[in-house]
Every structure is written in C-alpha cells, then in structure tokens.
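Quick notes on the structure that follows.
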Amino acid sequence: MQDDKHYKENDIICPYCDYVFTDSWEFNGDNDTEEKITCGRCEKEFKVTRNIDISYTTTVMLCDEIGEQHEYKIERYLEYENKDTTYSYYRIETCDKCTNSNYFTITKEEYEKNI
C-alpha cells in the first residue's frame, strides 16, 4: 500500500511538486472516490480523493415558534457592577419548556429581598 503524501488537506496539493490548487473547491469528485488529475505546474498526473466530513448542529425551538406558551420561572437574581461603579439589578426568568431567558431590570430592594 502506498502512503499518502498529503492526507486530508484543505486544498489539493500535488504529491510531486507540492503545488497548491487554490481553486480546490471547484474539484467535483465524489466523496471517497479516487480520481486522476494533472498538476497545473509540473504537469504530472496523480490521484486525488475528496474527503467530505459532515456535522450537524441542533437548536431548541422556542415555544412561540411552535405555537405554545412559555412557562417562565425565576432562575436567579443578578447584581451587575457598571463601568461607573454603580450597580444594576436583574431578575432572570427561564422557560422550562424551551430554555428561552428574559432579563428584567429590578430595584435594589427587590434584589435584596430575594437573594
């Protein structure tokens, strides 16, 4: 078995002269299918395989996106020191169903009463 000189690179690189194909994204090879191409610099033919890695991202759908009512509960109270050394106070409520959070400005008295 022959060793791969350039394995899973972001661009096609000629294994003979190390020329980088900056337009590799235009290569139309199928995933894991070996194809022959010719180097634009040294003009030697070599084999290239496109490796496609797939990943997925998931996010919670908010209640209002699926036509449901939020069920907010108080998560915590927050004291925040501003740059001018004054303080701001917040109540954070989070929906139990979709994890959406709302921040409400509150008074110092309400903050001290609930911590």
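No value in this document is a laboratory result; all are computed from the given coordinates. All figures in this text were calculated on a predicted structure; none of them were measured in a lab. When we count neighbours, we look across all protein chains shown, and the Cβ atoms used for this are built from the backbone with ideal geometry, even at glycine.
Would you give the gap between the C-alpha center of the stretch 85-115 and the C-alpha center of the stretch 1-79, rounded to a whole Å? One Cα centre to the other: 42 Å. In this structure the amide hydrogen of residue 106, modeled in the peptide plane, comes within under 5 Å of the amide hydrogens of 89, 90, 91, none closer than 5 places in sequence on its chain. Of the residues 69, 99, 14, the one whose Cα sits farthest towards the positive end of the charge dipole of the stretch 1-102 is 14 (charges of +1 on Lys and Arg Cβ, -1 on Asp and Glu Cβ, taken about the Cα centre). Recomputing mean projected area of the Cα convex hull in nm² from the coordinates shown identifies the correct label among (1) 7.7; (2) 6.3; (3) 15.4 as (3). Protection proxy ranking of 65-77, 90-102, by the mean of other Cβ atoms within 10 Å over each peptide's residues and highest first, is 90-102, 65-77.
What does the C-alpha gyration tensor say about the overall shape of the stretch 64-114? Classify as rounded when a/c is under 1.5, otherwise prolate if a/b is larger than b/c, or oblate.
prolate
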